[in-house]
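Enquirer: My questions will all concern the structure given below.
The values are calculated or read from the model by the stated rules, or taken from the named source; none is laboratory data. Just so it is clear, the structure is predicted and the values come from calculations on it, not from any experiment. Here the Cβ positions follow ideal geometry from the backbone for every residue, glycine too, while neighbour counts run over all protein chains shown.
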Amino acid sequence: MEFFVNLNHAPIIQSVKSRIVKLGPKSSVLRLMLKAHGRMHGFGVRFSGAAIAITRGKQEIDLPMNHFVEVPITMECFDDFFRSIEPKQRDGRSVLDFSVPGLHVYRRGGIAFHFPGLPEEDSMEAYTAWYQPGPGDVVWDVGAHAGATSYFLSQAVGPTGKVYAFEPDESNYAYLLRNIEMHGLTNVVPVKKGLAGKTGKVVFQADGTMSAGIQDYLLYSERGNSVEIDAISLPDACAEFGSVPSYVKMDIEGAEVAVIQGAAEFLKKNAISFAIESYHPLAEGQLTYEVLDRIFPEIGYRAESSARFGQMFTWAKPS
């Protein structure tokens, strides 16, 4: 998830936006920009204490102040969040308060999860559009965040299946462990590593949000805490786990292109179905789905990218 992800990323414009992001959430310039962006899309934006309130009609979503980069994507996914998660009533409004860590209930099955801030919207319909994991499958949840998608995948594969949940962000990983324990997910294996194009150490922007990612692939890489994490390539992870997944869900903030490129020869010989959130901007002005749509056919995979589920997803499987 990136700040003003749907705007033109020409170098000069991108440079200006990067400077504004560096100013931080207390900057009057950044606040004016976010309020203007909100008005353009029919939202109100209010800064109060340590929270940012995004409002439309009688609905409100509250974010922590340090999650300001997620304001535009929260507007874009506003309806998805209300479709996914049960709001609470406050002062005549339906409110989703993500400004502090909390327990939130998904409409799907009434299942609750602990989150450090903004939760994952329920994207299971999109994730399973091309492949529905079933009993006994080995699947990967890459970019697991706090584990909501891991939970739903664990129910799909059952006790004879396995879910490897990749989450390198320290805060997110702690919540992932907490939710695995709370729900007794014995078939979910937490993996505190980032999936990347090659195995080794990488610099990671760790801020406990869904915008956390490998620094090399983030447009706004000078925010949050820069930490060194362990990264692993797709082929090396398969070797480490002793199995090749039948299915991989991926949401890793732009690193998806490097992952697929780094595993190209491996994927020619091993059949894996992918569901990838691919709206992430690249430094050269493209979005990742545009590159993935070229790469997958070159390695013998059929691929399709579409925003029919609200955001851009790329699905791929061997042709």
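Enquirer: Tell me the strands (runs of 3 or more DSSP E) entirely within the stretch 150-215 that contain at least 1 residues that are under 15 Å from the mean Cα position of the chain (by Cα). Show your work before the answer.
Expert: Values: elements: 162-166, 188-191, 194-196, 200-206.
Passing ranges, in order: 162-166, 194-196, 200-206.
Enquirer: Every residue in the stretch 122-147 that is buried (at least 24 other Cβ atoms within 10 Å of the Cβ), touching a helix residue (DSSP H, G or I) at 6+ places or on another chain (Cβ under 6 Å) and closer than 21 Å to residue 77 by Cα, please.
Expert: Answer for the stretch 122-147, where residues must be buried (at least 24 other Cβ atoms within 10 Å of the Cβ), touching a helix residue (DSSP H, G or I) at 6+ places or on another chain (Cβ under 6 Å) and closer than 21 Å to residue 77 by Cα: 141, 144, 145, 146, 147.
Enquirer: For the structure I just gave you, tell me whether residue 68 is outside any strand (DSSP E or B) and within 28 Å of residue 183 (Cβ to Cβ).
Expert: No: the conditions fail for residue 68.
Enquirer: Condition first: at pLDDT 95 or above and either among the acidic types (Asp, Glu) or farther than 24 Å from residue 124 by Cβ (or both). Can you find one or more residues in the stretch 200-223 that meet it?
Expert: Yes.
Enquirer: With respect to the numbered conditions (1) among the aromatic types (Phe, Trp, Tyr); (2) out of contact with any helix residue (DSSP H, G or I) (no Cβ under 8 Å at 6 or more places or on another chain); (3) closer than 19 Å to residue 109 by Cα, which one is the sole condition not fulfilled by residue 175?
Expert: Against the list (1) among the aromatic types (Phe, Trp, Tyr); (2) out of contact with any helix residue (DSSP H, G or I) (no Cβ under 8 Å at 6 or more places or on another chain); (3) closer than 19 Å to residue 109 by Cα, residue 175 comes up short only on (3).
Enquirer: Could I ask something else about it? For the list (1) closer than 22 Å to residue 81 by Cα; (2) aliphatic (A, V, I, L, M); (3) touching a strand residue (DSSP E or B) at 6+ places or on another chain (Cβ under 8 Å), I need the number of the one condition that residue 124 fails.
Expert: With (1) closer than 22 Å to residue 81 by Cα; (2) aliphatic (A, V, I, L, M); (3) touching a strand residue (DSSP E or B) at 6+ places or on another chain (Cβ under 8 Å) applied to residue 124, the lone miss is (3).
Enquirer: From (1) in contact (Cβ under 8 Å) with a residue 60 or more places away in the chain; (2) surrounded by fewer than 21 Cβ atoms within 10 Å (Cβ to Cβ); (3) under 26 Å from residue 286 (Cα atoms); (4) not polar (S, T, N, Q), pick out the condition that doesn't hold for residue 251.
Expert: (2)
Enquirer: For residues that are surrounded by 14 or more Cβ atoms within 10 Å (Cβ to Cβ) and within 21 Å of residue 199 (Cβ to Cβ), tally how many sit in the stretch 265-287.
Expert: Adding up the residues that qualify gives 6.
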